[in-house]
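Nothing in this text is a laboratory measurement; each read-out follows from the coordinates by a stated rule. Quick caveat: nothing in here was measured; it's all calculated off a predicted structure. No Cβ is skipped: glycine too gets one built from the backbone with ideal geometry, and neighbour counts run over all protein chains shown.
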Amino acid sequence: MVTEPVLAKPARQDDLLRKRLGFWSLLAAGLGSVVGSGWLLASMYAAQAAGPSALLAWVIGGVVMLLVGLVFAELGMVKPESGGLVRYPLYSNGRLAAAVVGWSMWVGYVGNPPTEAAGVLQYASAYLPGMYHGKQLTGLGVLAAGGLMLLFVLINWFGVALFARTNNIVTAVKILVPVTTAIVLIATGFQSGNFGHQHGGLAPYGWSTALSTIATAGIVFAYTGFRNVVELSGEARNPRRTVPTALITTIVVCIVLYLALQTAFLGAVPGHLLGSGWHGVNLNSPFANLAMLLNLSWLYWILIADSMVSPSGSAIVYTASNARNSFGLAKNGFFPEWVMKVDPRWGVPIRALGINFVVGLAFLLPLPSWHAIIGVTGTLAVFTFAIGSVSVIAFRRCEVGDADTRIGGMQVVAPAAFVVSSLVIFWASWPTLLKTIPIVALGLVLYGLNYFRNRSSVGDLRAGIWLPVYLGAMYVLSVLGSFGGHHMLSAPWDSVTVGVVALVIYVWAVRSAVTHMSADPDRVAALRAEAAAGREWQEPASAG
């Protein structure tokens, strides 16, 4: 039996969200969340793992993000919606796909504020002893990180307008400092010998290591903030124009910036620190320490000051975005309905902010360092990229949206984004993927509970079963492959196999999505109408 979709009580909560974000505020949200602790720390961890071949990792990571960004840019034009990244899978592939993607995305996002707080305190250890010891926060450092996270929540609590004003100013500072750092280090401390054979050459640990660093050294983490432009699209003015422009601009600017920073770091490391190779480079405050070693004390103090600004600005944006994720998951029926509560005075989902803060604190206990957290959350982020490529083509084939909301070449871009994202998952290495299994498994368990509670149909399962199969295939191929696995599949054939398997599953996923949407013409008609009107569609709990 087909259930008529309705715009019910949750839609009134959407109406309380304020549409105050223009192009510059969205661009600041994108740049502000991308340029966080990632630029301060990822260059060192990437160099530590891969040497100069880390530059290749940044290029590939940037291309992946550009492909994925184009997919989400079109989705943001077709249906601008707060929390849209966890809503699009529901529209195209039903509750199972939405549950797995939404849960993985929420966990990845909720880990960002503690990650950024840990990054702040790692740099702050240069002048605040007792916060950081060895490679992790001390007990005092964990308490201080919790205090920073509370500050991020309070800034968001008092509305999207305060968030936008605060973030615009912070972002301007955040861009100026890394640009200055890259220029100064390349101009004054660049040593071309660091790229030579005496230190292992361009790929001292092999080119495959460079591929692994994309997910594990903070590169994916450093780029993924661009999605926050889409997350906030429901609060944007003229989203069909501002969302894609802000999103693509964010990614292109950051590709150039990160390549410049990585080049500057690789060239500025003094030769005596490379006695044990790039693996031996271990600096608590990487760029600040390099500035001091080069007698650039003025740059050192700017970097120490910016180590508070950059990660904090990114965390402020992620705190805002993940509140919208929680909002979207509650609309999906995955979280309780009361999570959607929007404060009518400030226009923000206040309960979602509180829940995310409490869960984020829990990240600091088992993973009390920047590097420990991003290894898991970076891989989870890539998991969530795949579904957008499926949704965007399903929307097109079911004629959701119009010519004004379509980006040229998407028929090629979408499958390419899916395949390349799958390769990044595989390259993350089996030991890293192993850590994500309990998180994904818990998402499936929670979906099972929701399945029986909401009496979802078998059709809902058929539409989304490809996703657990896809993730299972990635795990199996990772175990068999050469990236931390048992080398039963040797390079490069293991990567070729992953690409072929991903493409086959992509075709299956799109067909499942189109079948799922076409099975209920009334639902698709309502979605078309509401997408055209800029309204947000709410699926009844009993719908299948």
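Quick notes on this structure:
- With R₀ fixed at 56 Å, the C-beta to C-beta distance from ALA529 to HIS272 puts the FRET efficiency at about 0.25.
- Straightening the chain between THR515 and MET308 buys 69.6 nm, computed as 0.36 nm per residue apart minus the Cα-Cα spacing.
- Peptide ranges 467-480, 486-499, 90-103, 198-211 listed from the most packed, as the mean C-beta count within 10 angstrom indicates: 90-103, 467-480, 198-211, 486-499
- Based on Cα atoms of the range 183-327, Rg over Rh with Rh as the Kirkwood radius reads 1.04.
- Karplus (6.51, -1.76, 1.60) ³J(HN,Hα), θ = phi - 60°, over the range 513-519, in Hz, Gly and Pro reported as x: 5, 5, 4, 5, 6, 5, 5
- For peptides 382-392, 429-439, sequence by mean Cβ density within 10 Å, most packed first: 382-392, 429-439
- Rounded to whole Å, the principal axis extents of the Cα atoms in the range 259-333 read 57, 28, 21, largest first.
- Amide H contacts under 5 Å for TYR132: THR138, restricted to partners 5 or more places along the chain or on a different chain, H placed in the peptide plane at 1.01 Å from N.
- Sites VAL358 and ASP522 - FRET efficiency at Förster radius 30 Å, r taken between beta-carbons, to 0.05: 0.15
- Using a Förster distance of 22 Å, the FRET efficiency for LEU293-ILE183 (Cβ separation, nearest 0.05): 0.80
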